[in-house]
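Participant: Okay, here's the structure, questions in a sec.
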Amino acid sequence: MTAGSGAAARPPKKSTIVAESLRTAILSGRYRDGQLLPGEQDLAQRYDVSRGTIRKVLAQLAEESLINTRTGVGSFVSFGGKALDQALGWGRALAGAELATTVLRAEIVADPDLAVGVGAASSRFLALDRVRALPDGTPVSLERSRVPATGVLADVPRDGLVDDSLTETLRRAGLTPASGEQWVSVAALDLDDAALLQRAAGTLFLHSTRLVRDARGEFVEKVVSWLDPDHFRVHISFGDRA
């Protein structure tokens with residue numbers, strides 16, 4: 001077919017469009033050297049493509065030496081040297097640690113910004129804030145969870161958690177965590193959070209933000225936590241294990 005036949009040019013492949021967008025972002029400095037790119041699921045949603053397409057694009061960028069990929073990177077939080085099983089739920093994982101949990105807040109809230117940020121279908125969420133304390137009453141963590149207000153989760157303000165477990169309540173609502181991302185930093189407590197944790201304002205704590213999705217990539221939970229570094233640790237593993 002000749003150029004003069006009037007045939008429309010074939011549109012570029014989605015992988016080409018995504019690769020060019022990420023390439024431009026990297027070369028322009030939008031993503032700094034050493035900075036982690038968003039996860040595959042987030043990139044797939046952002047560009048409205050499959051995770052397979054994202055993997056293909058990332059492999060191409062790696063071949064161009066624009067990014068480095070690491071196999072088997074993972075992390076977990078531990079309490080007193082014991083790994084906390086995310087699938088089990090921290091409440092049950094900490095059961096043997098004799099920590100007391102106090103619910104500070106359990107109510108249904110509207111948060112359109114969160115809905116957009118996590119790609120949730122609804123802007124209605126269950127806001128669940130909890131403090132965990134040692135037997136002597138000293139708080140060691142403050143956790144603020146936001147989950148979809150669907151099914152039994154919408155009834156938590158009235159009925160409480162199923163078996164006192166958010167993980168079990170999520171399962172009853174048909175939300176099963178399958179994957180996620182977590183960001184951890186060291187930050188100073190502000191006045192309000194310091195008061196809840198019975199510490200002086202400015203005390204340094206581990207600050208964790210965890211975003212969890214189900215097997216379909218649908219939003220399950222966002223939890224922002226303050227963790228006492230005298231009791232909690234973050235363990236990171238990487239590379240292939242035999």
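Here, each number is a calculation from the coordinates, and none is a lab measurement. Fair warning: this is a prediction, and the values are worked out from it, not measured in the lab. With ideal geometry, Cβ positions are generated from the backbone for all residues, glycine too; neighbour counts draw on all protein chains shown.
Participant: Cα extents of the stretch 9-63 along the three principal axes, largest first, in whole Å?
Facilitator: Dimensions of the stretch 9-63 along the principal axes of its Cα atoms: 36, 24, 20 Å.
Participant: What number, in nm² with one decimal, is the all-direction average of the projected area of the convex hull of the alpha-carbon atoms of the stretch 93-242?
Facilitator: Over all viewing directions, the stretch 93-242 projects a mean Cα-hull area of 10.6 nm².
Participant: Using the number of other C-beta atoms within 10 angstrom as an exposure proxy, rank GLU107, GLU40 with the fewest first.
Facilitator: Ranked by crowding around the Cβ, least crowded first: GLU107, GLU40.
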